[in-house]
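The values are calculated or read from the model by the stated rules, or taken from the named source; none is laboratory data. As the structure is a prediction and not an experimental result, all values here were calculated from the model. Positions of Cβ are backbone-derived with ideal geometry, glycine not excepted, and every protein chain shown enters the neighbour counts.
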Amino acid sequence: MGERRCRYCQQVFQPSKFQPRQTVCGEAGCQRKRRTDYHREKIAADPEYREVCRDSPRKWRARHSGYWKQYREKHPEVAEHNRRQQKLRDRKRRLCDLANNTSALDLKHSAAQVWLVGPGAAHLANNNSAPAQVWVIEALPSRPVSSA
Ligand SMILES: [Zn+2]
């Protein structure tokens, strides 16, 4: 049987005689990707499989209620790290929503000023890798001066 090129790592491999249509080599990383892709495609295509996959962790949580609460109590540093990461993901999602919101102004053409405030501002201004928050706030139209 001829050699093949793995669709993930592009290395040449010898397919198993038991798997004549094998397209992925035997490396653990490539096999993991193959299983992940299969799982993703199967979930998208097979409603019964999708339901079983959704149900399984639900049943596990019902049998082990309180597991995650205990885990967070035992590992406060992990819980705090996860909380920070979730805040970042939430913030990113809100920014994406804002960018996709057609009622928002065209951000590319908005004249913006960024103000750095606080005790670390001087340091931040000179530090290109510093994390920064930019708040985008729609300005109210200026009120016409009433003559009455
Ligand atoms: Zn491979």
*Filtered residues of segment 8-20 (kept if touching a helix residue (DSSP H, G or I) at 6+ places or on another chain (Cβ under 8 Å) and without any contact (Cβ under 8 Å) to a residue 24 or more places away in the chain)*: 9
*For residue 43, all conditions in the list (1) within 16 Å of the ligand (Cβ to nearest atom); (2) in contact with a Cys (Cβ under 7 Å, 6 or more places away or on another chain) hold save one; what is the number of the exception?*
(1)
*Considering each of 93, 21 in turn, give the residue that is within 16 Å of the ligand (Cβ to nearest atom), basic (Lys, Arg) and at pLDDT below 95.*
21
